Amino acid sequence: MYELLNQYIPTHVVDLPQKPENQNALEYYIKLESLKDVLEKLTGSKITDAQLKNEIKSANETRKLLHALYELRKRDLPPIKGTEMLKVLQQMHFLSPDEFRKNLALLLNELKVKKRENSGPRIMISGCPMAAGNMKVPEIIENRGGMIVVEESCIGTRAFWDLVDENKDPMRAIAERYLKIPCACMYPNDRRINQIIKFAKDFNVDGVVYYTLQFCHGYNVEKYRVAEALKEAGIPLLSIETDYSGADTEQIKTRVDAFMEMLG
């Protein structure tokens, strides 16, 4: 795919260490400096440590605002729906950092005083990313009476949960932060299992919907370990494997209805 893509736009593939706890993984990943060299050559601009530190500080400010927003979702009646929150998070990939952060601050101030009267089983959705346009499953969950209070996905908590250390060498700090992301491609991935259980408890969820796209084998395989951990913790799980089409919408509605009824 990258070879084909390179015919249209400059493409650079970063090799990701898949054993983050290996003592050599961090040193290997710090060689992201090769990406820095590529970007400098492509743009004609030098990337300095001072610039990187400014961007790290800026990104951390955004992450802190998102943390504050998620704290509000721990309320008995969260002031924002899960589908609304996903649309907010999706804008992170379209707006400039400054514009996104400005809008986040305005939203946070509004939600601090906003009250919502709807209720329902508290749901965590975990698994594959839910990019813009891929809202079928979250919309079904909330339309059938569920209340999504946290998302453990690349469009959810994984995108912002850990801060970058502002007191370290910027390249090392960036590498350390991104190696912490508990993606399904990592091994061993106890960090993700533990994080799912922690989120479930911190956000007081009644059940977890584990969402996977067809042929996304990393998450499909890891679903087994997630199911085991949730069962041991006494947290109900509904597993949904689907695609981008609406062909299975009615089937998913039926399964979600049964899950919501079970949760009471």
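Assorted remarks:
- Meets criteria (surrounded by 13 or more Cβ atoms within 10 Å (Cβ to Cβ) and either over 18 Å from the mean Cα position of the chain (by Cα) or not hydroxyl-bearing (Ser, Thr, Tyr) (or both)) for Ala59: yes
- All helices (runs of 4 or more DSSP H) inside the range 187-264 with 3 or more residues being closer than 25 Å to Gly120 by Cα and among the polar types (S, T, N, Q): 249-263
- Residue list for the range 221-264, filter: β-branched (Val, Ile, Thr), over 12 Å from Val137 (Cβ atoms) and modelled with pLDDT of 95 or more: Val226, Ile235, Thr254
- Long-range neighbours under 9 Å by Cβ, at least six apart or interchain, first residue over 13 Å from Thr157 (Cβ atoms) and assigned to a helix (DSSP H, G or I) within the range 62-79, second of a type in the set (Gly, Ala, Ser) and at pLDDT 95 or above: Leu65/Ala105
- Any hit, the range 179-191, residues being surrounded by 18 or more Cβ atoms within 10 Å (Cβ to Cβ), among the aliphatic types (A, V, I, L, M) and modelled with pLDDT of 95 or more: no
- Top-ranked residue in the range 113-137 [being of a type in the set (D, E, K, R) and part of a loop (DSSP other than H, G, I, E, B); ranked as surrounded by the fewest Cβ atoms within 10 Å (Cβ to Cβ)]: Glu117
- Just one of the listed residues (Lys102, Lys53) is touching a Pro at 6+ places or on another chain (Cβ under 8 Å) and farther than 24 Å from Cys183 by Cβ, and it is Lys53.
- Residues that are in contact (Cβ under 8 Å) with a residue 24 or more places away in the chain, of a type outside the set (A, V, I, L, M) and more than 24 Å from Arg191 (Cβ to Cβ) within the range 18-54 comprise Glu33, Lys36, Asp49, Lys53, listed in sequence order.
- Residue satisfying condition, being of a type in the set (Phe, Trp, Tyr), closer than 30 Å to Glu117 by Cβ and within 24 Å of the chain's Cα centre (by Cα), within set Tyr70, Tyr29: Tyr70
- Pairing each residue of the range 116-129 that is within 21 Å of Tyr244 (Cα to Cα) with any residue that is charged (D, E, K, R) and in a strand (DSSP E or B), provided the two are 6+ apart or on different chains, yields C-beta distances under 9 Å for Met124/Glu151; Met124/Glu152; Ile125/Glu151; Ile125/Glu152; Ser126/Glu151; Ser126/Glu152; Gly127/Glu152.
- Where Trp161 falls short, out of the listed (1) surrounded by fewer than 17 Cβ atoms within 10 Å (Cβ to Cβ); (2) in a loop (DSSP other than H, G, I, E, B); (3) of a type in the set (Phe, Trp, Tyr): (1)
The values are calculated or read from the model by the stated rules, or taken from the named source; none is laboratory data. Treat the numbers as computed from the prediction; the structure is a model and nothing was measured. Because the Cβ atoms are built from the backbone with ideal geometry, glycine has one as well, and the counts that use them run over all protein chains shown.
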